[in-house]
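So the structure is just underneath, and the comments pick up after that.
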Amino acid sequence: MSSLNRAVGAALLAVALVGPLAACTGLRPVYSDAGIGAARVDVAYAAPGNVLERTIYQDLALRLGKAEGSVPLVKVAAWSGAGALTNDLVPSPVNQRQVTVTAAVTVTAPDGTVLLSATRSQTADLTHGAQVLANQQATESAERQAALLLADTLRLEIIAALAK
């Protein structure tokens, strides 16, 4: 009989602890995207001219939203450059490099009003060695990483411009 009492007591305790939490609707995970960064807006995107622009547009459409019709148009012109990260005076088999992706973004309202015109940049570091193919892949990977970081920056800029 005492084991039955313990089982009933444990069940009642579980209901008492879980019940109030289940009734709360305002609880959200601390690291959720439920704030301003999760805003969905109706915008259209221009056609990409290169891989960097396509990467930025895809990330923006995924995180910001995408629409057609009479909505603001987002146009991004992106390019990249790479250079040595340090000035090495001693020859080395590996070189530290940095890729910079820059984008000029313009958001235009359906009536032709420019809502946002800005230029932003992001960087990513990489290492070049003796293998040409590995160097090319490392550069492309760093460009993609910088483009995704840049897309996140542009997303917040676009949200701010549309909220005005």
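The values are calculated or read from the model by the stated rules, or taken from the named source; none is laboratory data. Keep in mind that what you see is a predicted model, and the values were worked out from it rather than measured. FYI the Cβ positions are ideal-geometry reconstructions off the backbone, even for glycines, and counts take in every protein chain you see. Calculation scope for accessible area: heavy atoms of the full protein, side chains included, ligands and nucleic acids excluded. Shrake-Rupley method; radii C 1.70, N 1.55, O 1.52, S 1.80 Å.
Remark on the stretch 90-149: ratio of C-alpha radius of gyration to 2.2 N^0.38 Å is 1.63. Between R120 and N135, the distance separating the two model label sites (each 7 Å from Cα on the Cα→Cβ line) works out to 3.2 nm. Counting only heavy atoms of the protein chains and using a 1.4 Å probe, L162 has close to 50 Å² of accessible surface.
Between E157 and R54, the contour length at 0.36 nm per residue exceeds the Cα-Cα span by 35.2 nm.
In the stretch 53-112, the convex hull through the Cα atoms has an average projected area of 5.9 nm², a quarter of its surface area.
Annotation: extensible slack from T127 through A104 equals 5.6 nm (criterion: 0.36 nm per residue apart, minus Cα-Cα distance).
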